[in-house]
């Protein structure tokens with residue numbers, strides 16, 4: 001009877017995770033824990049230069065390393081690092097040297113990096129203040145007049161972007177623009193992908209959409225680039241919302257149309273959006289934010305708030321523009337914004353921005369150049385304190401090689417599709433290889449019985465784990481999982497950088513003194529963690545040490561959310 005009950009319960013557990021993974025797409029490389037990743041948007045020096053610009057201010061001494069040191073010291077875990085394609089065409093050697101310096105500094109200080117292929121006003125070819133596409137994309141056609149305007153309302157920009165989505169933009173040698181961009185991005189990937197700090201890559205930030213037929217064309221572009229990058233990386237790939245996001249636009253901005261932008265391969269993918277204000281500050285902001293949440297429900301792709309701040313726009317000559325004087329960033333609105341993100345269960349957030357250059361909007365400066373020395377502003381302190389207040393401080397060591405499996409809290413947002421939201425967030429961070437394993441799972445020899453709040457397991461060896469997604473990582477561990485005599489020693493070494501948070505099979509930990517000396521509840525918890533992902537991480541063992549019911553409670557929460565969703569439907 002006990003054996004039969006055990007098999008039934010285990011089958012139900014497997015079914016829960018199989019259903020979850022079939023209805024959502026996992027994000028890998030996410031730091032382990034029950035919180036979103038939180039960081040900053042960071043601008044570089046050479047990688048941000050316009051193609052023919054010789055007047056950019058010189059960066060402070062040791063800008064890259066000092067930046068990552070300060071970001072890490074504030075308890076933030078990642079940076080969305082901006083670069084511009086035209087800066088590479090301007091000086092490829094200096095560009096790649098800076099990209100390498102970012103990866104090395106991020107490794108050193110334990111900060112993850114999303115490398116963002118950015119554009120603003122399309123390119124400096126179309127207007128002096130713009131940056132993005134290289135001039136070679138314009139010089140091959142007389143249609144793209146120099147200085148014609150690169151903003152969304154400018155005719156010259158609309159002509160270029162229409163051609164870009166039709167895949168008719170070519171360089172002055174007749175080479176296809178999509179292929180050229182993919183080859184450019186491959187150079188970035190091949191340079192940094194083997195660094196443990198590399199979290200992923202953003203395809204193209206905030207592309208322009210001007211016509212209703214461009215939604216699916218953007219999806220074709222995102223699918224093309226994703227396919228090319230997937231040949232050389234298994235790390236996260238991020239695609240971006242379009243601009244402008246005008247709810248009254250004739251191109252019909254709806255969840256259904258936004259969903260068309262998603263690449264066809266959604267494994268380990270995030271959807272980046274920008275939120276400049278409290279999401280429920282007014283009816284328009286709430287409707288806008290809900291639009292993206294509903295898009296997440298349709299696609300199953302987690303949301304990444306790749307840019308956020310508090311911005312107030314006022315009408316100026318018929319156009320709404322940023323009002324710097326009214327766009328103050330305070331502890332109050334910071335808590336409101338981050339609180340809304342946490343409630344919605346987003347995958348991550350990056351604050352705009354970390355840059356040594358001055359900005360018209362004061363809060364856009366998290367750092368400043370003071371006589372060649374990088375100095376954080378008061379806004380960086382507000383951001384640090386608010387992230388810690390809303391999400392709590394991370395207990396992961398700075399140089400942790402993050403596990404790809406994590407379990408985030410179910411969102412509390414009301415009026416949304418609770419089933420799909422809880423599924424997205426519960427599986428966010430699980431490996432795509434684990435997704436396949438779970439969907440093909442069969443009953444194993446491990447048998448779990450439910451005794452009160454404790455999940456008990458017999459001592460049958462779990463199936464061997466694997467390095468999820470074949471991620472290339474640098475292992476600096478000095479001890480093997482089986483070498484620990486006590487769990488306290490393992491926890492100590494993880495938090496003091498002696499070991500990194502890596503993935504390994506349960507069998508590697510099975511005969512250790514630490515496992516054998518653990519109480520039954522902790523052993524059961526470790527078994528359940530291994531069964532969920534077919535392998536373990538050190539951090540998951542720490543979860544079990546701190547709370548033996550950690551994973552059982554997650555399953556219970558998942559069941560409750562599914563029951564609520566089913567009742568609501």
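The values are calculated or read from the model by the stated rules, or taken from the named source; none is laboratory data. On a predicted model such as this, the values are computed, not experimentally measured, just so you know. Cβ atoms come from the backbone with ideal geometry, glycine included; neighbour counts cover every protein chain shown.
So which residues in region 124-151 are in contact with a strand residue (DSSP E or B) (Cβ under 7 Å, 6 or more places away or on another chain) and under 25 Å from residue 42 (Cβ atoms)? The answer is 124, 130, 131, 132. Among the residues making up region 129-151, a single one is surrounded by fewer than 19 Cβ atoms within 10 Å (Cβ to Cβ), under 31 Å from the mean Cα position of the chain (by Cα) and touching a residue at least 24 places away in the same chain (Cβ under 8 Å): 151.
Does any residue of region 196-204 turn out to be over 30 Å from residue 501 (Cβ atoms), in contact (Cβ under 8 Å) with a residue 12 or more places away in the chain and under 18 Å from the mean Cα position of the chain (by Cα)? Yes: one or more hits.
Reported count of residues in region 525-553, each being assigned to a loop (DSSP other than H, G, I, E, B) and either free of Cβ contacts under 8 Å to residues at least 24 places away in the same chain or under 24 Å from the mean Cα position of the chain (by Cα) (or both), is 3. Can you give me the number of residues within region 152-169 that are in a loop (DSSP other than H, G, I, E, B) and touching a helix residue (DSSP H, G or I) at 6+ places or on another chain (Cβ under 6 Å)? Total meeting the criteria: 2.
You will find that of 82, 27, the residue that is under 23 Å from residue 268 (Cβ atoms) and at pLDDT below 95 is 27 and no other.
Checking each residue in region 267-280 for being surrounded by fewer than 19 Cβ atoms within 10 Å (Cβ to Cβ) and touching a helix residue (DSSP H, G or I) at 6+ places or on another chain (Cβ under 8 Å) picks out only 280.
What number of residues within region 49-58 satisfy the criterion of being under 19 Å from residue 358 (Cβ atoms) and surrounded by 20 or more Cβ atoms within 10 Å (Cβ to Cβ)? Break it down stepwise before answering.
Narrowing region 49-58 to residues under 19 Å from residue 358 (Cβ atoms): 49-50, 53-58.
Still in the running and surrounded by 20 or more Cβ atoms within 10 Å (Cβ to Cβ): 49-50.
So the answer is 2.
Restricted to region 467-481, and to residues there that are out of contact with any strand residue (DSSP E or B) (no Cβ under 9 Å at 6 or more places or on another chain) and over 17 Å from residue 197 (Cα atoms), the residue that is modelled with the highest pLDDT is 479. Counting only strands (runs of 3 or more DSSP E) that fall entirely inside region 265-366 and contain at least 2 residues that are at pLDDT below 95, touching a strand residue (DSSP E or B) at 6+ places or on another chain (Cβ under 8 Å) and in the same structural domain as residue 225 (by TED's automatic domain parsing), the qualifying elements are 313-316, 319-322. For region 46-58, the count of residues that are touching a strand residue (DSSP E or B) at 6+ places or on another chain (Cβ under 9 Å) and free of Cβ contacts under 8 Å to residues at least 24 places away in the same chain is nonzero. Just one of the numbered conditions (1) more than 21 Å from the chain's Cα centre (by Cα); (2) in a helix (DSSP H, G or I) is not true of residue 253: (2). Among the residues of region 216-239, the ones that are surrounded by 16 or more Cβ atoms within 10 Å (Cβ to Cβ), touching a helix residue (DSSP H, G or I) at 6+ places or on another chain (Cβ under 9 Å) and outside any helix (DSSP H, G or I) come to 5 in all. Selection of region 170-212 for residues being in a loop (DSSP other than H, G, I, E, B), more than 16 Å from residue 113 (Cβ to Cβ) and in contact with a strand residue (DSSP E or B) (Cβ under 7 Å, 6 or more places away or on another chain) yields 204, 206, 207.
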